[in-house]
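These notes concern the structure reproduced below.
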Amino acid sequence: MKDYRNLLSDLIKQYRKRVDFLSIRLENSEGTNIALRNGAVETLSEGVSVGGQVRACYKGGWGFATFNDLSQLKERVEEAIAFARIIGDDETLLAPVETVEVSCRLPLIGTNPRLIPLGDKKALCDHYYHILKNYHPHINSASVTYYDAQQEIILATSEGSMIQQSWIDSEMRFSAIAKKAHQIQTGRETTGTRKGYEDLTNLDKQVESASIRAVNALSLPSVKGGKYPVVIDPILTGLFVHEAFGHLSEADMAYENPDLLEVMTMGRKFGEEFLQIFDGAMPEGHRGSYYYDDEGTKATTTQLIKDGVLVGRLHSRETAGKLGEKPTGNARCLNYHYPPIVRMTNTWIGRGETPVQDLFSNISEGVYASNWLGGMTNGEMFTFSAGEAWMIRDGQIAEPVKNVTLSGNVFKTLAQISAIGDDFYWDESGGCGKGGQSGLAVGCAGPSLRIEEIVIGGESLE
């Protein structure tokens, strides 16, 4: 895509004086999608997509246009500028960033999945499907999905930046549904990588675990609903920090909601001194990692909570400018069809010092929750379903239980974290959704946590 740099530069020079800010983003992507359900192929495709977007800002108003025909590029630039000039009636406030000219590629440790024949990818999916379906006669249905993509972008801005960046992303999802009489239970596993195709192979044990959990849950008792002390594993910690707290840290959420902005006041204490929360694309090798975001801001690591106190939030250039804070490199778009909005990258809770076995100490009755099935958030409130769970009795992990959901208010729950384990794990299975842009690759991580009280939903107490 190097040949397009002069074209973008010339268009930027021609039109930049008509607006306060102008950017053109070209994208070239190619990828594979495979979906198997109950042995049948639902999707088997390879495709190439070439297109781009134009963003223009004038007096605080944004114009946006997309295209997949480069011969229309000039018309789309004029269109975006026209939209911005019609809407704009205020002040453009964009936090300043460094102007750069750079070409960068995220490192690939293993084999580029684009070099693997489609037949081999289909055979891998078939192999995993048979592991799921053949584990036990109670497995009623199973599904496997495969995705890979290679993306290359060029971003040119009216401030003089010209950034070329490329990466590879891959993901697989596995689901098994077990049925016995009127009982139905589901087991799921997901994995993703930006390191190479090899990370998707040799997953037999992980894939089988989805079927094992689904079948085992058929004979397990449901947890009795109520309030319990809870220990959660690193995978659930990653889900919790992303879904329950990470979205509230996205500055557009706070800027557009004065009540939330008041709640998320810098310097407010949300947890104990050992609680540290971060987000950032700077750590290499994770699915939310990159060098520059989709506005040309260099990737950073942002501490959100330091020693239990709110000290940061995630920004685009506009939200940073409007709130008088520094841009954090968190403006991202799923692809050229969408404008960049404030999104998480890799989000994690820092490792603690408590040995994991000590997290269970002095819990006479509680719940240990591991992995995840799903979840949802609504503002400050969250509900997550655990993939596996056990009762804790007298400080020891006891009998397994099913249908465990964890619900609560994120701020109250942060305050209830009483100990943080000395373990730590990265979960690369995340695909985040926001503003109609679903499936954006992210990383989540953390250690095991002890939460002194949280609502557990299960079988109702009589």
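Across the accessible surface of the chain, with the other protein chains kept in place and a 1.4 Å probe, carbon and sulfur atoms take up 48 percent.
Cross-link partners of Lys180 among lysines, defined as those whose alpha carbon lies under 18 angstrom from its own and excluding same-chain residues fewer than eight positions apart: Lys133, Lys402. Axis of helix 73-87 versus longest Cα principal axis of the chain: the two differ by about 80°, to the nearest ten degrees. Can you find, among Pro340, Gly47, His315, the residue farthest towards the positive end of the dipole of the chain? Put +1 on the C-beta of Lys and Arg, -1 on that of Asp and Glu. Farthest along the dipole direction, towards plus: Gly47. The phi torsions of region 377-394, fed into the Karplus equation with coefficients 6.51, -1.76 and 1.60 and a -60° offset, translate into couplings of 10, 9, x, 7, 9, 9, 9, 10, 9, 7, x, 9, 7, 9, 6, 10, 9, 6 Hz, rounded to whole numbers, with Gly and Pro shown as x. Evaluated at 37 °C with a viscosity of 0.692 mPa s, what Stokes-Einstein diffusion coefficient in µm²/s does region 131-180 have when Rh comes from the Kirkwood expression over alpha-carbon pairs? Using the Kirkwood radius from Cα pairs, D works out to 226 µm²/s. Placing pseudo-labels 7 Å out from each Cα toward the beta carbon at Glu101 and Asp358 gives an inter-label distance of 5.6 nm. P(r) tail for region 303-407: Cα pairs beyond 16 Å make up 74% of the total. Neighbours of Ala214, meaning other residues whose beta-carbon lies under 13 angstrom from its beta-carbon, give a summed charge of +3 when Lys and Arg score +1 and Asp and Glu score -1.
Which whole-number percent of Cα pairs in the chain have a distance greater than 42 Å? Across the chain, Cα pairs with separations above 42 Å total 21 percent.
Any idea which of Thr99, Ile24, Leu132 is furthest toward the positive side of the dipole for region 1-160, if Lys and Arg beta-carbons carry +1 and Asp and Glu beta-carbons -1? Farthest towards the positive pole: Leu132.
The local environment of Ile392, defined by Cβ-Cβ distances under 15 Å, has a net charge of -4 under the rule Lys, Arg +1 and Asp, Glu -1. Remark: the Ser219-Arg37 segment gains 63.0 nm on full extension, using 0.36 nm per residue and subtracting the alpha carbon distance. When the chymotrypsin sites (Phe, Trp or Tyr not before Pro) in region 167-213 are filtered for DSSP coil states and for at most 11 other beta-carbon atoms within 10 Å of their beta-carbon, no site remains. Taking 0.36 nm per residue of separation and subtracting the current Cα-Cα distance, fully stretching the chain between Arg393 and Val455 would add 20.6 nm. Taking Lys and Arg as +1 and Asp and Glu as -1, the other residues whose beta-carbon sits under 14 Å from that of Leu248 total -3.
Look at the dipole of the chain built from charges on Cβ: of Ile168, Tyr147, Leu8, the Cα furthest out on the positive end belongs to Leu8. This model, with +1 at the C-beta of Lys and Arg and -1 at the C-beta of Asp and Glu, gives region 10-92 a dipole about its Cα centre of some 300 debye.
I need the peptides 26-32, 218-224 ranked by packing, meaning the mean over residues of other C-beta atoms within 10 angstrom, with the highest value on top.
Per-residue mean Cβ counts within 10 Å order the peptides as 26-32, 218-224.
Using Cβ point charges alone (K and R +1, D and E -1), the dipole size of region 36-83 about the Cα centre works out to roughly 240 debye. Would you calculate, for the chain, the mean residue ellipticity at 222 nm contributed by helices, counting each DSSP H stretch of 4 or more residues as -39,500 (n - 2.57) and dividing by all residues, to the nearest 500? Rounded to the nearest 500, the figure is -5500 deg cm²/dmol. Accessible area per residue for the chain is 43 Å², calculated with a 1.4 Å probe on protein heavy atoms, without ligands, DNA or RNA. Taking Cα atoms only, the orientation of helix 118-133 departs from the longest principal axis of the chain by about 20 degrees. Nearest 10 degrees is fine. How inclined is helix 204-217 to the longest principal axis of the chain, computing both from alpha carbons? With both axes taken from Cα atoms, the answer is about 50 degrees. Here the simple spin-label model places points 7 Å from the Cα toward Cβ, and for Glu198 and Asn134 these points are separated by 2.7 nm.
Given Cβ point charges of +1 (Lys, Arg) and -1 (Asp, Glu) and nothing else, what value in debye, to the nearest 20, does the dipole of the chain about its Cα centre take? Mind showing how you got there, number by number?
Values: 45 positive and 60 negative charges, 138 e Å.
Once rounded to the nearest 20, the dipole reads 660 debye.
How big is the gap, in Å, between the Cα center of region 295-317 and the Cα center of region 321-389? Going from one Cα centre to the other spans 15 Å. For a straight C-alpha distance cut-off of 27 angstrom, the lysines reachable from Lys17 (same-chain residues fewer than eight places away being disregarded) are Lys2, Lys59, Lys74, Lys298, Lys322, Lys326.
The values are calculated or read from the model by the stated rules, or taken from the named source; none is laboratory data. In this text, all values refer to a predicted model and were calculated from it rather than measured experimentally. All Cβ positions, even for glycine, are placed from backbone atoms using ideal geometry, and neighbour counts span all protein chains on display. Calculation scope for accessible area: heavy atoms of the full protein, side chains included, ligands and nucleic acids excluded. Shrake-Rupley method; radii C 1.70, N 1.55, O 1.52, S 1.80 Å.
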